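The values are calculated or read from the model by the stated rules, or taken from the named source; none is laboratory data. Only a predicted model underlies this, so the values are computations on that prediction, with no experimental measurement involved. Neighbour counts run over all protein chains shown; Cβ positions are idealised from the backbone, glycine included. Side chains included, ligands, DNA and RNA excluded: accessible areas come from the protein's heavy atoms. Shrake-Rupley method; radii C 1.70, N 1.55, O 1.52, S 1.80 Å.
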Amino acid sequence: MELLDQPAVNGGAGSGVPRAPVKFNLFDPAFHADPYEVYARLREEDPVHRTVMGAWVITRYADVKTLLRDNTFGVFDIPTRIERKSQFLEKKNMGELRTLAQAMRRWLMLCDPPDHTRLRSLVNRSFTPGAVESLRPRVQEMVDRLLARVRHTGRMDIVNDLACPLAVTMIASMLGVPEEAHASVTRWADGLSRVLDPLRSLEQYAEMNNVAQEFLAYFRELFAERRRHPREDLISSLIAVTDQGDKLTEDEMLSVCMLLFIAGEKTTVNLIGNGTLALLKNRGEMERLRQDPSLIRGAIDEMLRYDSPVQLNTRVPKKDVTLHGKTIPAGDLIYFSLGSANRDPTQFPDPDRFDITRREKGHLAFSGGIHYCLGAALALIEGQVAFSTLVREFPDLELVPGEIDWQKEIIFRGPQTLPVTFSP
Ligand code: HEM
């Protein structure tokens, strides 16, 4: 199947001096620090690239956008891989990973239709735009509270003082987790946050399985409590769906709760971390936003495009697929590079320029097709409130000089910590 006929260019642009073939090495610290040069070469020289590990990377905007909507491509079955590892551990009496694998089986981004269709339509019923928009005042209250804690010190870590607690607390509040449990939930969410990364060790999976057990035990109790005394929260609303015949089982609902933290924490944190970096390195744009706060929506879209919090989506073709002259065998792992697609000059002219009033729309930071981000509306509200407040109230925000400590994840992109200073 030839999907798109944009030609692949061999040799690359430039002076004519032969260059070494471009390599996509997820373990290279230089790639973590700046993947965009590699992406630019891949788009131009090898848009359907086979990595040294045997996976494939698709980097052009048109290809990624089209293929995300193509049902030839199914999800990458991480739960089955974890179950195989579990069997290995069980044989050696070294524990098991079943709790984790079973919970993950029902995560939307790891489900293909028809399971995906059914689960997504049930969860959508509780995740309405109105329910999400009603959280805006709570987001503002939380941002104000977090900033008040550090304001007198003249410095903060954008990631750990603002972004992480904001992201976790908002999901916890939406679900209706009582405030006294927020610290535990934050610890569990952190412990599980790397589970979607395909390159985890056995020890890491074993730790995550323990965390999953604690998480599920807590939520099972909360679930029983809300069944007895329903409130205006997402858990009570999911229970209402559960109680409509056999629509959503209790195990499915528990998986949904876990999924929201996994899908909603690191992603939002990276939007705030990467967005702050983009503003501080492009102070002219920050000043424009301060002068005209109505530019905030476009500014958040540009942050998502410019340095996308989720860089790669994993997919597996159900049959052989030929694209730009290369055949990807059925069953091979493919990375759709959202980060690269969002810097493709054919869609976004001058793509490496951060421009909060950019006219070209259509970034793929929230993916596309059936797996389009369920939490996009919530993430946008959090971004809008956090950045409007930061820009308004911290005009002399400065990065603390030094190397950025990038997360080691391959799916996500964002700083591990981001120390900044300001006038107290
Ligand atoms: C800036 C923040 C966010 C970004 C960049 C982001 C990005 C994404 C992306 C790229 C996907 C697609 C994964 C795939 O196709 O394999 C996705 C799916 C998903 N996201 Fe988000 N996300 C963000 C915030 C959130 C939040 C706050 C929540 C929930 C509270 C959330 C919940 C989900 C869920 C449940 C899915 C799975 C949807 C499905 O498979 O049907 N996300 N997100």
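Here are some notes:
- Unmet criterion (only one of (1) open to solvent by 10 Å² or more (accessible area, probe 1.4 Å); (2) within 9 Å of the ligand (Cβ to nearest atom); (3) among the charged types (D, E, K, R)) for D355: (2)
- Tally of residues being within 16 Å of the ligand (Cβ to nearest atom) and open to solvent by less than 30 Å² (accessible area, probe 1.4 Å) across the range 178-204: 10
- Lone qualifier among F261, F348, F336 - being in contact with a helix residue (DSSP H, G or I) (Cβ under 9 Å, 6 or more places away or on another chain) and at pLDDT below 95: F261
- Count of residues meeting criterion [in contact with a strand residue (DSSP E or B) (Cβ under 6 Å, 6 or more places away or on another chain) and of a type in the set (A, V, I, L, M, F, W, C)] in the range 111-140: 0
- Residue match in the range 322-339 (condition: open to solvent by 50 Å² or more (accessible area, probe 1.4 Å), free of Cβ contacts under 8 Å to residues at least 24 places away in the same chain and either assigned to a strand (DSSP E or B) or over 22 Å from L26 (Cβ atoms) (or both)): yes
- For the range 65-94, residues that are in a strand (DSSP E or B) and more than 20 Å from T117 (Cα to Cα) total 0.
- Counted residues, the range 142-177 - those being within 16 Å of the ligand (Cβ to nearest atom) and either free of Cβ contacts under 8 Å to residues at least 12 places away in the same chain or out of contact with any strand residue (DSSP E or B) (no Cβ under 7 Å at 6 or more places or on another chain) (or both): 17
- So L271, is it at pLDDT below 95, in contact with a helix residue (DSSP H, G or I) (Cβ under 8 Å, 6 or more places away or on another chain) and surrounded by 23 or more Cβ atoms within 10 Å (Cβ to Cβ): no
- Check on T346, of a type in the set (V, I, T), open to solvent by 10 Å² or more (accessible area, probe 1.4 Å), more than 16 Å from the ligand (Cβ to nearest atom) and not in a loop (DSSP other than H, G, I, E, B): no
- Positions within the range 282-321 being among the aliphatic types (A, V, I, L, M), closer than 17 Å to L68 by Cα and open to solvent by 10 Å² or more (accessible area, probe 1.4 Å), in sequence order: V310, V316
- Among the residues of the range 194-216, the ones that are among the hydrophobic types (A, V, I, L, M, F, W, C) and either without any contact (Cβ under 8 Å) to a residue 12 or more places away in the chain or not in a helix (DSSP H, G or I) (or both) come to 3 in all.
- The C-beta contact set for the range 181-193 (first residue in a helix (DSSP H, G or I), second residue open to solvent by 20 Å² or more (accessible area, probe 1.4 Å), distance under 6 angstrom, 6+ apart or interchain) comprises W188/V211; G191/V211; L192/V211.
- From the list N25, N93, the one residue that fits, being under 22 Å from R194 (Cβ atoms), open to solvent by 40 Å² or more (accessible area, probe 1.4 Å) and either at pLDDT 90 or above or out of contact with any Cys (no Cβ under 7 Å at 6 or more places or on another chain) (or both), is N25.
- If you go through the range 133-177 and keep only what is surrounded by fewer than 17 Cβ atoms within 10 Å (Cβ to Cβ) and hydroxyl-bearing (S, T, Y), you end up with S134, T153.
- Failed item in (1) open to solvent by 10 Å² or more (accessible area, probe 1.4 Å); (2) farther than 18 Å from T59 by Cβ; (3) in contact (Cβ under 8 Å) with a residue 60 or more places away in the chain; (4) out of contact with any Phe, Trp or Tyr (no Cβ under 7 Å at 6 or more places or on another chain), with E409 passing the rest: (1)
- Taken over the range 105-128, the criterion of being away from the ligand (no atom under 12 Å from the Cβ) and modelled with pLDDT of 90 or more is satisfied by R105, P114.
- Candidates in the range 119-137 are the residues that are among the small types (G, A, S) and outside any loop (DSSP other than H, G, I, E, B); of these, the one that is nearest to L254 (Cα to Cα) is S126.
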